[in-house]
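Data first, discussion second: the structure below is written as structure tokens.
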Amino acid sequence: MTRAEARRAESRLLIALDIDGTVLHDTGELSDAVIKQVKRLVARGDEVTLATGRSESSTLPVLDQLGLTPEYVVCSNGAITLRRDTEAPMGYRREFVESFDPTVVLETIRGHLDDALYAVEDETGFYRYTDAFPENALGLASEQVDFDGLLGTRVTRVVVISPDHEVEDFLSVVEEMGLHRVSYNVGWTAWLDIAPDGVNKATAMERVRDLLGIPIGNVVAVGDGRNDIELLQWAGRQGRGVAMGQAPHEVIAASSETTAPVSEDGLAKVLASLK
């Protein structure tokens with residue numbers, strides 16, 4: 001790295017944005033105010049990227065909507081990090097992939113949640129699922145299999161939905177399972193997202209920060225879900241970890257500050273404050 005590059009890295013911000021409930025409204029819409037602020041920050045040389053629980057196939061279209069082409073993009077709650085590659089079919093290739101054998105975890109969960117819906121995402125982004133999932137919940141490439149068809153193949157994540165549970169009840173059941181050697185997060189609904197042990201958005205973004213040579217004090221992260229807790233804690237230690245106003249109380253508690261809800265363009269307000 002040249003001196004000029006080093007000076008530029010010292011002043012650049014690394015801005016990691018969650019997608020659903022942060023960049024995108026509940027309707028799936030993207031506000032003009034967010035697009036305007038993203039373009040402003042990119043134009044001045046900051047690195048704006050996405051750190052999401054979404055799969056690669058459902059993340060890249062959001063980059064297009066934002067007009068973003070960051071060097072790295074974090075997907076699948078940190079299990080997959082993409083790198084910009086103009087020769088790749090969609091402009092990105094898989095640079096880092098974390099995976100695990102889901103067999104023990106799935107069998108443990110099934111013992112507690114007989115009626116749950118199960119899916120796994122493999123290292124290529126292909127999903128296998130046991131029952132019909134909500135529309136757009138999984139990637140475009142998928143097939144339905146029986147439960148045993150989920151076992152014995154290395155995956156980047158396990159997804160479990162239990163429609164009959166309220167979120168608080170679901171949280172209690174998950175705690176009772178005593179899941180080990182994996183990282184997991186419970187979503188807004190009774191949705192369990194399981195990643196390899198020690199892997200989350202924060203671990204992936206720290207790797208990205210190091211590769212880009214951006215100081216830890218120059219990081220900003222914005223999110224609203226329980227899968228953003230580690231990310232907001234990571235950013236908030238020396239930078240800014242911002243929770244959206246509608247986030248659950250434990251997410252707000254993990255943040256260094258809170259902005260307005262997504263319905264009031266809270267993200268645009270955060271981005272506008274970056275001078």
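The values are calculated or read from the model by the stated rules, or taken from the named source; none is laboratory data. None of these values were measured; they are calculated from a predicted model. Glycine also receives a Cβ, built like all others from the backbone with ideal geometry; neighbour counts cover every protein chain displayed.
I'd like the full set of residues that are buried (at least 17 other Cβ atoms within 10 Å of the Cβ) and closer than 21 Å to residue 197 by Cα, limited to segment 98-116. Selection gives 98, 99, 100, 102, 105, 106, 109. Cβ-Cβ distances below 6 Å connect the following pairs, each with a first residue in segment 56-80 that is over 19 Å from residue 193 (Cβ atoms), a second residue that is of a type outside the set (Lys, Arg) and in a helix (DSSP H, G or I), and a separation of six or more residues or different chains: 66/38; 72/208. Within segment 103-135, the residues that satisfy the criterion of being out of contact with any Ser or Thr (no Cβ under 8 Å at 6 or more places or on another chain) and either closer than 12 Å to residue 157 by Cβ or of a type in the set (A, V, I, L, M, F, W, C) (or both) are 104, 105, 106, 109, 132, 133. Taking residue 206, is it within 19 Å of the chain's Cα centre (by Cα), assigned by TED's automatic domain parsing to the domain that holds residue 76 and modelled with pLDDT under 95? No. Annotation: residue 104 fulfils all but one of (1) among the aliphatic types (A, V, I, L, M); (2) over 17 Å from the mean Cα position of the chain (by Cα); (3) outside any helix (DSSP H, G or I); (4) closer than 21 Å to residue 120 by Cβ; the unmet one is (3). The residues of segment 25-41 that are out of contact with any helix residue (DSSP H, G or I) (no Cβ under 7 Å at 6 or more places or on another chain) and within 13 Å of residue 63 (Cα to Cα) amount to a single one, 39. Take the conditions (1) modelled with pLDDT under 90; (2) of a type in the set (Gly, Ala, Ser); (3) farther than 18 Å from residue 195 by Cβ; residue 149 misses just one of them, which is (1). Here residue 263 fulfils each of the conditions (1) within 30 Å of residue 115 (Cβ to Cβ); (2) in contact (Cβ under 8 Å) with a residue 40 or more places away in the chain apart from (1). Here is the figure for segment 259-275: residues that are hydroxyl-bearing (Ser, Thr, Tyr) and either in contact with a helix residue (DSSP H, G or I) (Cβ under 9 Å, 6 or more places away or on another chain) or surrounded by 20 or more Cβ atoms within 10 Å (Cβ to Cβ) (or both) total 1. Here segment 209-255 is the region considered, the condition is being surrounded by 21 or more Cβ atoms within 10 Å (Cβ to Cβ) and assigned to a loop (DSSP other than H, G, I, E, B), and the residue that is modelled with the lowest pLDDT is 225.
Listed conditions (1) more than 19 Å from the chain's Cα centre (by Cα); (2) at pLDDT 75 or above; (3) crowded, with 16+ Cβ neighbours inside 10 Å are all met by residue 165, apart from (2). Condition check: surrounded by fewer than 17 Cβ atoms within 10 Å (Cβ to Cβ), within 15 Å of residue 109 (Cα to Cα) and at pLDDT 70 or above. Does residue 175 satisfy that? Yes, satisfied.
Go through segment 39-78 and give me each residue that's in contact with a Phe, Trp or Tyr (Cβ under 7 Å, 6 or more places away or on another chain) and either under 20 Å from residue 270 (Cβ atoms) or among the β-branched types (Val, Ile, Thr) (or both). Hits for segment 39-78 are 49, 73. Restricting attention to segment 210-217, does a residue exist that is more than 22 Å from residue 74 (Cα to Cα), in contact with a helix residue (DSSP H, G or I) (Cβ under 8 Å, 6 or more places away or on another chain) and in the same structural domain as residue 52 (by TED's automatic domain parsing)? No, because not a single residue in segment 210-217 is more than 22 Å from residue 74 (Cα to Cα), in contact with a helix residue (DSSP H, G or I) (Cβ under 8 Å, 6 or more places away or on another chain) and in the same structural domain as residue 52 (by TED's automatic domain parsing).
When each of 141, 119 is tested for being of a type outside the set (Ser, Thr, Tyr), at pLDDT 85 or above and surrounded by 13 or more Cβ atoms within 10 Å (Cβ to Cβ), the lone residue that passes is 119.
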